[in-house]
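Enquirer: The structure that follows is given in the form of structure tokens.
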Amino acid sequence: MKVRYFAWMKRTVGLAEEQVEPPADVRTIADLVAWLRARSAGHAEALAEGAAFGAAIDHRTAPFDAPLAGAQEVAFFPPFTGG
Amino acid sequence: MKVRYFAWMKRTVGLAEEQVEPPADVRTIADLVAWLRARSAGHAEALAEGAAFGAAIDHRTAPFDAPLAGAQEVAFFPPFTGG
Amino acid sequence: MTVRVQEEDFDVGAELERLTQANKRIGGLTVFVGLVREMHMREGLHRDRIDALTLEHYPGMTEKALEEIEAEAHQRWPLEATLIVHRYGRLAAGDRIVLVAAGSPHREAAFEACAFLVDWLKTKAPFWKLEDTAAGEKWVGAHEGDAEAAARWEGKAKA
Amino acid sequence: MTVRVQEEDFDVGAELERLTQANKRIGGLTVFVGLVREMHMREGLHRDRIDALTLEHYPGMTEKALEEIEAEAHQRWPLEATLIVHRYGRLAAGDRIVLVAAGSPHREAAFEACAFLVDWLKTKAPFWKLEDTAAGEKWVGAHEGDAEAAARWEGKAKA
């Protein structure tokens, strides 16, 4: 599964994207967030509890309880500020 | 005093404008309308009671009770349909 | 603040470029372009297509009315730039009739001011439309919705 | 229905000409142009002028999000034509960021749909602004008013 980070989360994690293979008990986005936090201090900071960020599964915004089954690409990003 | 007619009122009166010298007791636009009606069948039809039209004094919309004192140009027209 | 009443067409891109260039305080520009719409009109047994119309106006009063409407918009919203260009004369379906633009630091002000300018010019500027149909000429009646749209800005305090 | 995400500038006049030409059913076209506004930011003792920003986006997701927003507008209003062009990359004060246009037989629909498209793209399309200040880079926080503006269209029935 590919994980991508955008805007300040990319700088904080120190990566634009990474290939990960979480264990079988990582079933939702919330599970993935908790699992990713352990990868580095940057991950822990960017994905900290209470931080304002959202997620997408395969290019579509998804809530944190969305199941990861079949996901090719999961993205994390701060609130959008376009327009 | 110049009197001007626009849109269908111009066709109905048969004139785009005319120079008139109403008597001294014609003090308001309403007075002028009543006085102009007597000028021709076209005037009477265009300026008939109950017809939907408005007026302007010297390029500014004015209510029918507006005084004519000092007016150079009075205009009569149907409701605006621009834009 | 610019108001123009003209017979010839206008170049939307060039007008907007001129309006916003050298003003870096504009964050949002809202623009309205009114066009002659091809319409089908039913009257009795007849069904006519309206292919063209003629816009008559009141030279002298028109400019004054548009300038007052524009000044009113500047009173109500923090605007950096406004433009009204209105055509008169004969126009065919697809032709541009009017261009209205309002630029502000904030997009809400730009949107509201542009809608206000369009609503008020429809009911307060002396223009009249004469439609050409196969059956002959027909003066367009005032649209009830226009009076309602204009009225929603009456007495509203500055945003 | 057209959505484009691009680094290069767009030509407003040419875009609108292309959008409306050969469609004589459009009576009103409402357009929004978002521009980079020169801003002054106060932080502690410092007062910085923001002269430029960098827009990052999520290729692939951005286009999909904009297309969904556009499709939603067509569901809600009788639209003949819509266009969204959004830039990314480095932009200086005065530069155009986004062009949104909605054309309809009726001006009310054109105005509402254009405002809707702007409100929703601000909160539902994956763009992020990074401001360049003399003191360094600063990611722009989400604007509370944007969420409110977007929310006013939630659950609204078709006009």
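Enquirer: Would you be able to tell me the number of residues in segment D:146-159 that are more than 12 Å from chain A (Cβ to nearest Cβ) and on the phi < 0 side of the Ramachandran plot?
Expert: Step one: list which residues in segment D:146-159 are more than 12 Å from chain A (Cβ to nearest Cβ), which gives D:148, D:151-159.
After this cut, where a residue has to be on the phi < 0 side of the Ramachandran plot as well, the list is D:148, D:151-154, D:156-159.
Number of matching residues: 9.
Enquirer: Now, a different point. Step by step: first the residues of segment D:37-62, then only those that are at pLDDT 95 or above, within 8 Å of another protein chain (Cβ to nearest Cβ) and on the phi < 0 side of the Ramachandran plot, then the one that is surrounded by the fewest Cβ atoms within 10 Å (Cβ to Cβ). Which residue is that?
Expert: Residue satisfying both the conditions and the ranking: D:56.
Enquirer: Report, ordered by the first and then the second residue, all pairs with beta carbons closer than 8 Å, sequence separation of six or more or different chains, a first member in segment C:1-21 that is within 11 Å of chain D (Cβ to nearest Cβ), and a second member that is β-branched (Val, Ile, Thr) and surrounded by fewer than 19 Cβ atoms within 10 Å (Cβ to Cβ).
Expert: Short answer, once both residue conditions are applied: C:19/C:2.
Enquirer: Might you let me know whether segment A:64-72 holds any residue that is hydrophobic (A, V, I, L, M, F, W, C) and closer than 22 Å to residue D:123 by Cα? Explain how you work it out, then say what you get.
Expert: Residues of segment A:64-72 hydrophobic (A, V, I, L, M, F, W, C): A:64, A:66, A:68-69, A:71.
Among the residues that remain, those that are also closer than 22 Å to residue D:123 by Cα are: A:64, A:66.
Yes.
Enquirer: When segment B:1-48 is examined, which residues are found to be among the small types (Gly, Ala, Ser) and assigned to a loop (DSSP other than H, G, I, E, B)?
Expert: Filtering segment B:1-48 down to residues among the small types (Gly, Ala, Ser) leaves B:7, B:14, B:16, B:24, B:30, B:34, B:38, B:40-42, B:44, B:46, B:48.
Passing the criteria: B:7, B:14, B:16, B:24, B:38, B:40, B:48.
Enquirer: What number of residues within segment C:22-41 satisfy the criterion of being free of Cβ contacts under 8 Å to residues at least 12 places away in the same chain and part of a loop (DSSP other than H, G, I, E, B)?
Expert: Qualifying residue count for the region: 2.
Enquirer: Given the criteria surrounded by 19 or more Cβ atoms within 10 Å (Cβ to Cβ), under 21 Å from residue D:55 (Cα atoms) and at pLDDT 95 or above, does residue A:16 qualify?
Expert: Judged against the criteria, residue A:16 is not a match.
Enquirer: Could you tell me whether any residue of segment B:45-68 is more than 29 Å from residue C:121 (Cβ to Cβ) and either within 12 Å of another protein chain (Cβ to nearest Cβ) or of a type in the set (A, V, I, L, M) (or both)? Explain how you work it out, then say what you get.
Expert: Within segment B:45-68, the subset more than 29 Å from residue C:121 (Cβ to Cβ) is B:45, B:49.
Still in the list and also either within 12 Å of another protein chain (Cβ to nearest Cβ) or of a type in the set (A, V, I, L, M) (or both): none.
Within segment B:45-68 (the criterion being more than 29 Å from residue C:121 (Cβ to Cβ) and either within 12 Å of another protein chain (Cβ to nearest Cβ) or of a type in the set (A, V, I, L, M) (or both)), the answer is no, since none of the residues qualifies.
Enquirer: Same structure again: Looking only at residues that are touching a residue at least 12 places away in the same chain (Cβ under 8 Å) and of a type in the set (Val, Ile, Thr) in segment B:22-64, which one is surrounded by the fewest Cβ atoms within 10 Å (Cβ to Cβ)?
Expert: Only one residue fits best here, namely B:28.
Enquirer: For residues in segment D:63-95 being β-branched (Val, Ile, Thr) and more than 30 Å from residue D:49 (Cα to Cα), which is nearest to the other protein chains (Cβ to nearest Cβ)? Break it down stepwise before answering.
Expert: From segment D:63-95, those β-branched (Val, Ile, Thr) are D:69, D:82, D:84-85; that's our starting set.
With the extra rule that they be more than 30 Å from residue D:49 (Cα to Cα), the set shrinks to D:69, D:82.
On the way: D:69: 11, D:82: 14 Å.
Only one residue fits best here, namely D:69.
Enquirer: Return the residues of segment C:65-87 that are of a type in the set (Asp, Glu), buried (at least 21 other Cβ atoms within 10 Å of the Cβ) and without any contact (Cβ under 8 Å) to a residue 60 or more places away in the chain; say none if nothing qualifies. Working first, answer last.
Expert: If we filter segment C:65-87 for residues that are of a type in the set (Asp, Glu), which is where we start, we get C:67-68, C:70, C:72, C:80.
When the remaining residues are screened for being buried (at least 21 other Cβ atoms within 10 Å of the Cβ), the result is C:70, C:80.
Answer for segment C:65-87, where residues must be of a type in the set (Asp, Glu), buried (at least 21 other Cβ atoms within 10 Å of the Cβ) and without any contact (Cβ under 8 Å) to a residue 60 or more places away in the chain: just C:80.
Enquirer: While we're looking at this one, here's another question. I need the full set of residues from segment A:71-83 which are more than 11 Å from chain D (Cβ to nearest Cβ) and either under 11 Å from the mean Cα position of the chain (by Cα) or modelled with pLDDT under 95 (or both), in order please.
Expert: A:74
Enquirer: How many of the residues making up segment C:109-145 are more than 24 Å from residue C:80 (Cα to Cα), surrounded by fewer than 20 Cβ atoms within 10 Å (Cβ to Cβ) and at the interface with chain B (Cβ under 8 Å from one of its Cβ atoms)?
Expert: To start, the set of residues in segment C:109-145 that are more than 24 Å from residue C:80 (Cα to Cα) comprises C:123, C:126-145.
The next check asks that each one be surrounded by fewer than 20 Cβ atoms within 10 Å (Cβ to Cβ); those that pass are C:130-145.
Now narrow it down to the ones that are at the interface with chain B (Cβ under 8 Å from one of its Cβ atoms): C:130, C:139-143.
Residues that pass the stated criteria total 6.
The values are calculated or read from the model by the stated rules, or taken from the named source; none is laboratory data. These numbers were taken from a predicted model, which means no experiment stands behind them. Backbone-built Cβ (ideal geometry, glycine too); neighbour counts: all protein chains shown.
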